[in-house]
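Everything below concerns the one structure shown next.
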Amino acid sequence: MALNKKGLTDYFVSSKVVLSKDCNDNFYENGTKLNSMDTEEKFTRKEFIDRIKSEVSQFVNRSFDNIVVLAGAGASVVTNEEGIDKVYGKTVGMIAENIAKELGDLNREEITSENNEDFENFLTIQQLSNMCNYQIPVKKEEKFNEEFNLEDFLSKALTYRQYLDDSYKEKDKYLKTVEKILEIIERQTSYNFDTKKMNHGALLKILSSKLKKENKLTVVTTNYDTLFEEAAESLEMTVIDGFSFSYYPYFDSNMFDWKLVRDVPNVKTTQLEYKENVINLLKIHGSLTWERSESDQKIRRKQKDSVNNPIMVFPSSNKYVQSYDKPYFELFTKFQELLRRPNTLLITTGFSFADNHIATMITQAIKHNPGLNALVSDHNISQGHNNWEELYDLMEDHFQIAFLKATLNADLIDYVGEQNVY
């Protein structure tokens, strides 16, 4: 867990207030140790959580016209007493380690003879790294190397394809291995919504209730999974995801601009009644349920188990180029337009801001839209990469940004759902 410069773990950070904890469960505000107001004794954890809730409440419980949630890979992760529950969402590092296992870089001795025959058709991750000149080894002291970066590796591996010709003896293995890696990523990101372990539904319900009926909550996600769709279904919410309401839904970005209304019954008026519980869902990196139709080349939404070649932006530098293709360009354009609207609250969860094209879009919107407020939540709010540091700099320049140490499937809803605790 990353610490700030004073050796404390930050839990909430804004331009005016920093709430932190040390390793001995002492709590601090702006670097000063907190004591209980009633007894002058040690500040309790409950008092500390209530203090955070007060700050978060002041930040999110305003009359916003628009609320946008950006959910990254961490939004699908479920934790238990042992750490991350591997049955559910996985980090990119976990997916990379699983790929290394399936291709024989790790635990090769555990592979059965049946699987070993399949091994001979593929390269290991390390062999592929050597071919495409990716320098970071996949193993370190016989264990998965946490410095191995799946996105950088795939960028090298996919770029290497253009230098292969038919005379290269390993070309067939290379192609099969890359295809196998993409298939593993697809499989590793496919899981079902669990109402007992996941808070996607609670988040939708809480944030939708903060808006007037005529305004829709928008969820933007980089994930391929269907957790938000399934959560909305469990709440009988209507999801507008950019696909038509036809028998075989096809992608039509104009759908996001429509609202569901009806005439007010038994009243002679032009007033309209807006349907409740309608949300927008922008899956900016594609979905396990999307596939391009061979007959008309339209992008169709189908049941997950009936899709053979899902439309997905895989983790590599190529995703920046792909974001200009259909349907990604339309989705990114809509996301950008939402960030430009006045009086808007953006909440990010499980998004590390490592995706430069998305991070830049958000920071530019913050700089140019004084009505945009951003609550950045993650399991670690003291990250050190450039995009994160830029957000901190903007906050210190008094842009409306706050950081909250929280995750969607743990404690985020406890903070954003709290009403007027200050």
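The values are calculated or read from the model by the stated rules, or taken from the named source; none is laboratory data. The structure presented is a predicted model; accordingly, all values stated were derived computationally and were not measured. Here the Cβ positions follow ideal geometry from the backbone for every residue, glycine too, while neighbour counts run over all protein chains shown. Please note that ligands, DNA and RNA were not included when accessible areas were found on the heavy atoms of the full protein model with its side chains. Shrake-Rupley method; radii C 1.70, N 1.55, O 1.52, S 1.80 Å.
Helix-only estimate, please: 222 nm mean residue ellipticity of the chain, summing -39500 (n - 2.57) across DSSP H runs of length 4 or more and dividing by its residues, to the nearest 500.
-9500 deg cm²/dmol
Could you sort the peptides 367-378, 132-143 by per-residue average Cβ neighbour count (10 Å cutoff), highest mean leading?
The densest-packed peptide leads the list: 367-378, 132-143.
Can you sort V87, V178 by solvent-accessible area, 1.4 Å probe, largest first?
V87, V178
Report H357's accessible area, 1.4 Å probe, all protein chains in place, as a number in Å² to the nearest 10.
Per-residue accessible area (H357): approximately 40 Å².
Starting from the Kirkwood radius over alpha-carbon pairs of the chain, derive D by Stokes-Einstein at 4 °C in a medium of 1.567 mPa s and give it in µm² s⁻¹.
55
Taking all pairs of distinct Cα atoms, average 1/r, flip it, and tell me the Kirkwood hydrodynamic radius of the range 45-178 in Å to one decimal place.
18.5
What figure in square angstrom, to the nearest 10, would you give for the accessible area of K302 with a 1.4 Å probe?
Accessible area of K302: about 80 Å².
Order F351, F399 by their accessible area, 1.4 angstrom probe, all chains in place, largest first.
F399, F351
Please sort 204-211, 305-312 by packing, taking for each peptide the average over its residues of neighbouring beta carbons within 10 angstrom, highest first.
204-211, 305-312
What fraction of the Cα pairs in the range 165-207, stated in percent, has a spacing above 13 angstrom?
Of the Cα pairs, 69 percent sit more than 13 Å apart.
For a protection proxy built on the mean count of beta-carbon atoms within 10 angstrom, sort 406-415, 234-243 highest first, please.
The packing order, highest mean first, is 406-415, 234-243.
Please give the net charge around T289, taking every other residue with its beta carbon less than 14 angstrom from that of T289, where Lys and Arg add +1 and Asp and Glu add -1.
-2
With a cut-off of at most 11 other beta carbons within 10 Å, and DSSP calling the residue loop, which GluC sites (Glu not before Pro) in the range 53-99 qualify? Please list them.
Passing sites in the range 53-99 are E81, E82.
For K216, which lysines qualify as cross-link partners when the Cα separation must be under 22 Å and same-chain residues fewer than eight apart are set aside?
Filter leaves K205, K259, K275, K283, K334.
For the range 189-283, how big is Rg over Rh, using alpha carbon atoms and the Kirkwood form of Rh?
1.01
Excluding K16 itself, what net charge comes from residues whose Cβ is under 15 Å from its Cβ, given Lys and Arg +1 and Asp and Glu -1?
With Lys, Arg at +1 and Asp, Glu at -1, the neighbours total -4.
How would you classify the range 31-108 from its alpha-carbon gyration tensor, with a ≥ b ≥ c the square roots of the eigenvalues: rounded for a/c under 1.5, else prolate if a/b is greater than b/c, otherwise oblate?
Oblate.
May I ask for the net charge around F403, where only other residues with Cβ less than 10 Å from the Cβ of F403 are counted and Lys, Arg are +1 while Asp, Glu are -1?
Result for the local shell: -1.
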